[in-house]
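Engineer: Sharing a structure, written as structure tokens. Questions coming.
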Amino acid sequence: MWQDKSLNMLTHFLSCCITLQPVWRRRPGCRFMSSSGPPWRLLFFGSDQFAVESLKLLTSSRSSSERIVESLEVVTLSGDVPVKRFAQQNQLPVHSWPPDNVDGQFDVGVVVSFGCLLHERLINKFPYGILNVHPSLLPRWRGPAPIFHTIMHGDTATGVTIIQIRPHRFDVGPILHQELHQVPENCTAEELGAALATKGAHLLIDTLMTLPERLAHKREQKQTGATFAPKINASMSWIVWEEQTCDQIDRLYRAIGSRIPLKTTWMGRTIKLLDFVGKCHISLLDQRRKLVPGSLSYQKESNTLAVCCKDGWVGFKAVLLKKRLTAADFFNGYLHQTVQKKTPYQTTEALFVSRKQATEEHQMSTSTL
């Protein structure tokens, strides 16, 4: 009788345990969430070449001895983007954005340079959440263009941060892993981006290897030191000669010059400044010329067009005015006569004008009419 009673109690206890199990644990086709770790069933969100580096390493890790990734599928944007091309070339299943149904299909998500905000209901479908590879030392340079702003603002150090995605806002989630990277002197945004893409891919793999432990020890981002890195746009490429120094123009060119040419105005027309050569050390034969920001000097020995800015001179080897012109072509075709005039004042023909200054002068002239 005592044994029967004990058996009934044990049966009742076990039935309660089964009843109290979370529904998602018992859903058909859904793998139990376990602290044992990898290999993971992973869904990757990405678009550009920076994201391809992480996807490439995840793809190769499926067959590595560490067995970090069990299965890998991709969500990407419409159009011929690098992530889609890589996925198709490597026979990875591709989902359009937003993905239709991911219930019970994946353990963890990874977002790298995707550009779309993920809704809370999507994030909650991943038992281990969704990770993000971000190329800065968060909270510095939150936003879509951290690499460009790192160069533009002259940071000497940056890095890569692995965070857990949170809904409603970009780049504010808790930090799982972070690694410092020294910014090489005079490097461009493209060069820095390539280095951080490689570092980020390896940091992601390292994070996935010990993900349960990383999640257990995640830390919230500090509120102090947070900065925002907005998208790069064409308005940033206009040089303000009277306000920007040689170093600032140099950083601007290295940040965006390969994508968006630096611009100025000349005689009311837009001029694109090409083949930047940096700070110039020049001596003017005519000391009577009044040097103001935007003043021009052609350096025949180096075939360089030098322009006066706030604290010195910067040089360009070519310009775009209807068509591409070398510094010599621009000087001979447009500036030769005016630059040679022996006058104590700079003529408008030999002066680059900031768009800001040109707008102010236009507003002043129209207000006096």
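The values are calculated or read from the model by the stated rules, or taken from the named source; none is laboratory data. Since the model is a prediction, treat every value here as computed from it, not as a measurement. Methodologically, a virtual Cβ is constructed for each residue, glycine included, from the backbone with ideal geometry; neighbour enumeration extends over all protein chains shown. With ligands, DNA and RNA removed, areas are computed over all heavy atoms of the protein, side chains included. Shrake-Rupley method; radii C 1.70, N 1.55, O 1.52, S 1.80 Å.
Engineer: Whether any residue in the stretch 238-248 is under 30 Å from I163 (Cβ atoms) and more than 15 Å from the chain's Cα centre (by Cα) is what I want to check.
Structural biologist: Kept after step one, since they are under 30 Å from I163 (Cβ atoms), are these residues of the stretch 238-248: none.
There is no residue in the stretch 238-248 that is under 30 Å from I163 (Cβ atoms) and more than 15 Å from the chain's Cα centre (by Cα).
Engineer: Answer yes if at least one residue in the stretch 44-56 is over 17 Å from P144 (Cα atoms), free of Cβ contacts under 8 Å to residues at least 24 places away in the same chain and among the basic types (K, R), and no otherwise. Quick ask: steps written out before the conclusion?
Structural biologist: Step one: list which residues in the stretch 44-56 are over 17 Å from P144 (Cα atoms), which gives 44, 53-56.
Of the ones still in play, those that are also free of Cβ contacts under 8 Å to residues at least 24 places away in the same chain are none.
Checked the stretch 44-56: no residue is over 17 Å from P144 (Cα atoms), free of Cβ contacts under 8 Å to residues at least 24 places away in the same chain and among the basic types (K, R).
Residue-by-condition table, conditions (1) surrounded by 21 or more Cβ atoms within 10 Å (Cβ to Cβ); (2) under 19 Å from the mean Cα position of the chain (by Cα); (3) without any contact (Cβ under 8 Å) to a residue 24 or more places away in the chain:
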residue: A157; (1), (2), (3): no, yes, no
residue: I162; (1), (2), (3): yes, yes, no
residue: V183; (1), (2), (3): no, yes, no
residue: A195; (1), (2), (3): no, yes, yes
residue: A201; (1), (2), (3): yes, yes, no
residue: D206; (1), (2), (3): no, no, no
residue: M209; (1), (2), (3): no, no, no
residue: L215; (1), (2), (3): no, no, no
residue: E220; (1), (2), (3): no, no, no
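Engineer: Hey, another quick one. If you scan the stretch 111-126, which residues turn out to be in contact (Cβ under 8 Å) with a residue 60 or more places away in the chain and either under 20 Å from G143 (Cβ atoms) or open to solvent by 30 Å² or more (accessible area, probe 1.4 Å) (or both)?
Structural biologist: Filtering the stretch 111-126 for residues in contact (Cβ under 8 Å) with a residue 60 or more places away in the chain gives 111-116, 118, 126.
Once the filter is applied, which keeps residues that are in contact (Cβ under 8 Å) with a residue 60 or more places away in the chain and either under 20 Å from G143 (Cβ atoms) or open to solvent by 30 Å² or more (accessible area, probe 1.4 Å) (or both), the stretch 111-126 yields V111, V112, S113, F114, G115, C116, L118.
Engineer: Just one of the numbered conditions (1) at pLDDT 95 or above; (2) on the phi < 0 side of the Ramachandran plot is not true of S113; which one?
Structural biologist: Among (1) at pLDDT 95 or above; (2) on the phi < 0 side of the Ramachandran plot, the lone unmet condition for S113 is (2).
Engineer: Looking at (1) closer than 30 Å to Y128 by Cα; (2) in contact (Cβ under 8 Å) with a residue 60 or more places away in the chain; (3) crowded, with 19+ Cβ neighbours inside 10 Å, which is the one condition that is false for R254?
Structural biologist: Tallying (1) closer than 30 Å to Y128 by Cα; (2) in contact (Cβ under 8 Å) with a residue 60 or more places away in the chain; (3) crowded, with 19+ Cβ neighbours inside 10 Å, R254 fails exactly one: (1).
Engineer: I need a count of the residues in the stretch 61-97 that are open to solvent by 80 Å² or more (accessible area, probe 1.4 Å) and of a type outside the set (D, E).
Structural biologist: So the count comes out to 10.
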